[in-house]
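Here's the structure, in structure tokens; my notes come after.
The values are calculated or read from the model by the stated rules, or taken from the named source; none is laboratory data. Because the structure is predicted, anything quoted here is derived from the model rather than measured. Reconstructed Cβ throughout: ideal geometry from the backbone, glycine too, with neighbour counts over all protein chains shown.
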Amino acid sequence: MKKIIFTSFSFLIIILLFSLGTWQLIRLNWKQQLIEDISVSINKPALEVSDLAQVKSFQNIKLSGDLFKKNYFIYQLNEKGKYGFNLISLMKVNENYSVLIQRGWVNSIKDEYKFNLNNEQYKLSGRVENIKPKGFFTPNNDTNLEFKYYIDVGLLETINKVKIYPFILIQTSKDGQFENIKNLQNLNITNNHLQYAITWFVLGFCILIAFCFYRKKYK
């Protein structure tokens with residue numbers, strides 16, 4: 001009876017490990033295609049769009065509208081791990097909706113960055129990206145701080161009494177007011193699924209060999 005249980009358990013583990021390896025290979029092909037699609041999309045020239053509800057992630061678009069006066073600071077380390085903030089603006093693009101604009105990265109909160117003083121219509125080009133949700137280990141936003149740890153869309157809608165499109169526009173054109181800030185344009189999308197697949201397959205083969213050795217020794 002013990003041998004039957006041991007054999008069944010061993011085969012279950014082996015099947016599970018090989019299944020995980022196969023699943024990682026499927027994910028590998030999916031991620032490779034995604035990276036290719038993103039690369040093609042971000043290298044296309046920015047286009048004007050008539051319906052922002054139809055834009056896709058990583059699409060380059062041109063946009064114009066009226067900036068809200070107040071800007072927001074979202075805590076963000078730069079590519080070198082240096083402490084700083086993403087400067088976020090809210091821009092009204094039509095009667096019903098506004099769009100969040102990531103203007104660029106700043107290393108400190110200065111008075112000059114806090115407000116938009118230009119009353120003219122703001123024009124820019126940018127890359128559409130999903131708004132990152134609050135991470136599991138991300139601290140809660142503190143109303144006593146000048147910056148936020150994550151973008152709380154619901155709160156911004158309530159404060160400004162607007163509806164916000166469910167994406168953020170990463171500005172790629174030169175900023176008209178803050179000439180010294182910019183966004184990192186390199187998209188580093190990790191694709192480690194091959195390493196994961198190899199790991200699962202190796203573990204599966206190791207357990208299979210150990211099982212065969214055990215069966216031969218105690219047959």
message = Suppose the filter is surrounded by 17 or more Cβ atoms within 10 Å (Cβ to Cβ), at pLDDT 90 or above and farther than 16 Å from ILE151 by Cβ; does LEU90 pass it?
response = no
key: Residues of the range 31-54 that turn out to be surrounded by 12 or more Cβ atoms within 10 Å (Cβ to Cβ) and either outside any loop (DSSP other than H, G, I, E, B) or in the same structural domain as LYS163 (by TED's automatic domain parsing) (or both), as a count   = 10
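Taking LEU77 as the residue in question, decide whether it is surrounded by fewer than 15 Cβ atoms within 10 Å (Cβ to Cβ), under 29 Å from ASN191 (Cβ atoms) and not basic (Lys, Arg). First the steps, then the outcome.
Details: surrounded by fewer than 15 Cβ atoms within 10 Å (Cβ to Cβ): yes; under 29 Å from ASN191 (Cβ atoms): yes; not basic (Lys, Arg): yes.
Yes.
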key: Residue that is modelled with the lowest pLDDT, among those in the range 1-29 that are surrounded by 12 or more Cβ atoms within 10 Å (Cβ to Cβ) and aromatic (Phe, Trp, Tyr)   = PHE6
ask   = Applying the selection to the range 139-162, what residues are surrounded by fewer than 12 Cβ atoms within 10 Å (Cβ to Cβ), on the phi < 0 side of the Ramachandran plot and not acidic (Asp, Glu)?
value = ASN140, THR143, ASN144, GLY154, THR158
Breaking point among (1) free of Cβ contacts under 8 Å to residues at least 40 places away in the same chain; (2) farther than 20 Å from PHE73 by Cβ; (3) of a type in the set (Val, Ile, Thr), for THR138 = (2)
key: Residues satisfying the stated conditions in the range 85-99, i.e. closer than 18 Å to GLU112 by Cα and polar (S, T, N, Q)   = ASN86, SER89
ask   = Are any residues in the range 120-131 surrounded by 12 or more Cβ atoms within 10 Å (Cβ to Cβ) and either outside the structural domain of SER108 (by TED's automatic domain parsing) or within 20 Å of the chain's Cα centre (by Cα) (or both), and if so, which ones?
value = SER125, GLY126, ARG127, VAL128, GLU129, ILE131
query = Of everything in the range 79-105 that's among the polar types (S, T, N, Q), farther than 15 Å from ARG127 by Cβ and in a strand (DSSP E or B), which residue is farthest from the chain's Cα centre (by Cα)?
reply = SER98
query = With GLY81, GLY65 as the choices, which residue is out of contact with any helix residue (DSSP H, G or I) (no Cβ under 6 Å at 6 or more places or on another chain), among the small types (Gly, Ala, Ser) and within 23 Å of ASP175 (Cβ to Cβ)?
reply = GLY65
